[in-house]
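K.L.:
Here it is: the structure, laid out below.
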Amino acid sequence: ASTMTYRRSLRLGDEIEITTRVLGWDPRVVYLEQVFRSRDRLSARGVVAGRFLARAGHRVPATDVAALLGAGTTSPELPDDVAAWAAALDVA
């Protein structure tokens, strides 16, 4: 599942900086945030609830994915807006 909030329009040819960070995880889902900036201003923010599969097709535990991404072993508390979004969609 994903959601995107747009703040400002992007124009063709604009230089865009995209940053991605791990917001947190539970046993099944890793929550990622992507922030899009142009001209030093926020253009958009996306949140992704991701489940990952191994090449063999089995689900990789979110704790393993978080560890591979260098996010640590204990999930930080999700921001309130992300926790409410995840609960509303029942992605956890």
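The values are calculated or read from the model by the stated rules, or taken from the named source; none is laboratory data. These numbers come from a predicted model, not from an experiment. Because the Cβ atoms are built from the backbone with ideal geometry, glycine has one as well, and the counts that use them run over all protein chains shown. Each accessible area value is taken on the protein alone, full model and side chains, heavy atoms only, with ligands, DNA and RNA left out. Shrake-Rupley method; radii C 1.70, N 1.55, O 1.52, S 1.80 Å.
K.L.:
Looking at (1) open to solvent by 70 Å² or more (accessible area, probe 1.4 Å); (2) acidic (Asp, Glu); (3) modelled with pLDDT of 95 or more, which is the one condition that is false for residue 33?
P.N.:
(1)
K.L.:
Here are some residues: 69, 53. Which one is of a type in the set (A, V, I, L, M), within 13 Å of the chain's Cα centre (by Cα) and open to solvent by 80 Å² or more (accessible area, probe 1.4 Å)?
P.N.:
69
K.L.:
Same structure again: Of these, 5, 20, which one is touching an Asp or Glu at 6+ places or on another chain (Cβ under 8 Å) and surrounded by fewer than 16 Cβ atoms within 10 Å (Cβ to Cβ)?
P.N.:
Exactly one residue qualifies, and that residue is 20.
K.L.:
Return the residues of the stretch 1-56 that are within 30 Å of residue 67 (Cβ to Cβ), among the basic types (Lys, Arg) and in contact with a strand residue (DSSP E or B) (Cβ under 8 Å, 6 or more places away or on another chain); say none if nothing qualifies.
P.N.:
21, 28, 37, 45, 51 - these are the residues of the stretch 1-56 that are within 30 Å of residue 67 (Cβ to Cβ), among the basic types (Lys, Arg) and in contact with a strand residue (DSSP E or B) (Cβ under 8 Å, 6 or more places away or on another chain).
K.L.:
So which residues in the stretch 72-90 are buried (at least 16 other Cβ atoms within 10 Å of the Cβ) and in contact with a helix residue (DSSP H, G or I) (Cβ under 9 Å, 6 or more places away or on another chain), if there are any at all? Quick ask: steps written out before the conclusion?
P.N.:
Step one: filter the stretch 72-90 for residues buried (at least 16 other Cβ atoms within 10 Å of the Cβ), giving 75, 78, 82, 85-86.
The answer is 75, 78.
K.L.:
Just checking, does the stretch 9-17 include any residue being closer than 28 Å to residue 75 by Cβ and β-branched (Val, Ile, Thr)?
P.N.:
Start the filter on the stretch 9-17 by keeping residues that are closer than 28 Å to residue 75 by Cβ, which leaves 17.
Still in the list and also β-branched (Val, Ile, Thr): none.
No, the conditions are met nowhere in the stretch 9-17.
K.L.:
Further question: I need the strands (runs of 3 or more DSSP E) fully contained in the chain, keeping only those with at least 1 residues that are touching a residue at least 60 places away in the same chain (Cβ under 8 Å) and of a type in the set (Val, Ile, Thr).
P.N.:
Per the criteria, 2-6.
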